[in-house]
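These notes are about the structure you will find just below.
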Amino acid sequence: MAPFGITAPARILFGRGESAKAPALITAFGTRGVLVHGANPARAQWLLTALQDLGAEVLPLPCPREPDLAMLNAAVAQAKGAGAEWVVGLGGGAALDLAKAVAALLPAPGGAMDHLEVVGRALPLAAPPLPFIAIPTTAGTGAEATKNAVIGLPEHHRKVSLRDDRMLARLAIIDPALTDHCPRAVTLASGLDALTQVIEPYVSCRATPFTDALTLPAIGSGLTALIRLMQVEDPEARDALAWVSLCGGLALANAGLGAVHGLAGVIGGSTGAAHGAICGALLAPVLSANLAATSPGSPAHARLTTVCSLIGTAFGTTPEAAPTALATWIRAAGLPGLTAQGLSPADHAATTLAAQASSSMQGNPVPLSPATLQQVLAAAS
């Protein structure tokens, strides 16, 4: 067995009702902090009030959309004078990423461009981040378990990461009840992101026994839960999807991702479309492309075939027909293609060129040619 490491949050709490423990656990890190929340501040009021009842001084910061560099710089500037001892992210992946980045940059002597990958200097953090506490309210990105924060740079038409092992959450509380009655479109897009993030690490060339143990059982259960939630609200399906999302976050932090996320980072940066929706549109075409690019009998092809068998079981079809069945179901569930999400066919060539330099692409089971990636984009459109 090849050596491998495990990167994970210091402490994880999972289960319905676990969020009730958050105020006391957060204030154990200190009495002053920052609470980054989503677009609707009312959804964070329960935690803000509970922290204040315990005597905490809390600066609330909204994250109304996926964070970009301007939003990050403004949040850091606003939080500088708060004397924060911790940063909490309560919301979807966007809020968690912004909170994670704020926690990393508040003690840093430089700015974000010193540390951002690809477009910045990609320097390691010069000071340890503040304690970051993650409380997701959607089941999708797995950002509660990852060591990077994704930040958009519209002027560069890219999304890139601020990354450091020390950015992992000191505490991650995954309470599936916080995802109950999440809007259908958000559930679909975020759920497809969660599904992608257990498939890509499983087929990754960097997979380990640890990530296999997390991802393989989660693929079928995640798809089954998502299909169920497209039909009816179901707490058990919410629980299952929250677990899949957490598994995906843990897995990608240790095995990387693949072509779906390699392309998605570029597309999201250029179009502003929601990350989960982009991943959902790309998932089946990338799966088909990887199958065609791997040799039958190879370990990579065997893993891809296993994934297709699990998908085929969910839709009552053969492994060979599974990618098509998945793509058909995704469109029927209401997810738009890439053209409707803002990616022009005229931009396909430039998108594939930029995606090949992404860190996510390095985990793909095999290298995919620019021509193949353009075919993927066409199929996802």
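The values are calculated or read from the model by the stated rules, or taken from the named source; none is laboratory data. What you see is a predicted model, and the numbers here were worked out from it, not measured in a lab. Reconstructed Cβ throughout: ideal geometry from the backbone, glycine too, with neighbour counts over all protein chains shown. Each accessible area value is taken on the protein alone, full model and side chains, heavy atoms only, with ligands, DNA and RNA left out. Shrake-Rupley method; radii C 1.70, N 1.55, O 1.52, S 1.80 Å.
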Quick test for you: out of SER204, SER221, pick the one residue that is farther than 21 Å from MET71 by Cα, of a type in the set (S, T, N, Q) and in contact with a Pro (Cβ under 8 Å, 6 or more places away or on another chain). SER204
If you go through the stretch 44-53 one residue at a time, do you hit one that is open to solvent by less than 20 Å² (accessible area, probe 1.4 Å), among the small types (Gly, Ala, Ser), within 22 Å of the chain's Cα centre (by Cα) and at pLDDT 95 or above? yes
Checking the condition closer than 21 Å to SER204 by Cα and in a helix (DSSP H, G or I), which residue from THR328, THR324, THR306 passes? THR306
In the stretch 325-356, which residues are β-branched (Val, Ile, Thr) and surrounded by 15 or more Cβ atoms within 10 Å (Cβ to Cβ)? ILE330, THR351, THR352
Which ones in the stretch 72-90 are under 19 Å from the mean Cα position of the chain (by Cα) and over 19 Å from PHE29 (Cβ atoms)? LEU72
Strands (runs of 3 or more DSSP E) lying entirely in the stretch 1-76 (those with 1 or more residues that are among the acidic types (Asp, Glu)): 57-62
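Check whether at least one residue in the stretch 163-179 is assigned to a strand (DSSP E or B) and open to solvent by 20 Å² or more (accessible area, probe 1.4 Å), and report yes or no.
Within the stretch 163-179, one or more residues are assigned to a strand (DSSP E or B) and open to solvent by 20 Å² or more (accessible area, probe 1.4 Å).
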Is it the case that some residue within the stretch 234-251 is farther than 17 Å from THR138 by Cβ, open to solvent by less than 10 Å² (accessible area, probe 1.4 Å) and under 15 Å from the mean Cα position of the chain (by Cα)? yes
Lone unmet requirement of (1) of a type outside the set (S, T, N, Q); (2) within 28 Å of SER359 (Cα to Cα); (3) buried (at least 24 other Cβ atoms within 10 Å of the Cβ) for LEU216: (3)
Pairs, first over 15 Å from ALA300 (Cα atoms) in the stretch 203-215, second surrounded by fewer than 16 Cβ atoms within 10 Å (Cβ to Cβ) and modelled with pLDDT under 95, C-beta under 6 Å, six or more apart: PHE210/ILE6
Taking the options GLY222, GLY249, name whichever one is touching a strand residue (DSSP E or B) at 6+ places or on another chain (Cβ under 9 Å) and at pLDDT 95 or above. GLY249
Taking the stated definitions as given, is THR318 touching a residue at least 40 places away in the same chain (Cβ under 8 Å) and either out of contact with any Lys or Arg (no Cβ under 6 Å at 6 or more places or on another chain) or assigned to a helix (DSSP H, G or I) (or both)? no
Assuming GLY81 fulfils every condition listed in (1) among the small types (Gly, Ala, Ser); (2) assigned to a helix (DSSP H, G or I); (3) buried (at least 24 other Cβ atoms within 10 Å of the Cβ) apart from one, which condition is it? (3)
Looking at LYS159 and the list (1) crowded, with 19+ Cβ neighbours inside 10 Å; (2) in contact (Cβ under 8 Å) with a residue 60 or more places away in the chain; (3) part of a helix (DSSP H, G or I), which single condition is not satisfied? (3)
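Looking at ALA289, ALA277, which is the one that is over 26 Å from PRO176 (Cα atoms), modelled with pLDDT of 95 or more and open to solvent by 10 Å² or more (accessible area, probe 1.4 Å)?
Going through ALA289, ALA277 in turn, just one is over 26 Å from PRO176 (Cα atoms), modelled with pLDDT of 95 or more and open to solvent by 10 Å² or more (accessible area, probe 1.4 Å): ALA289.
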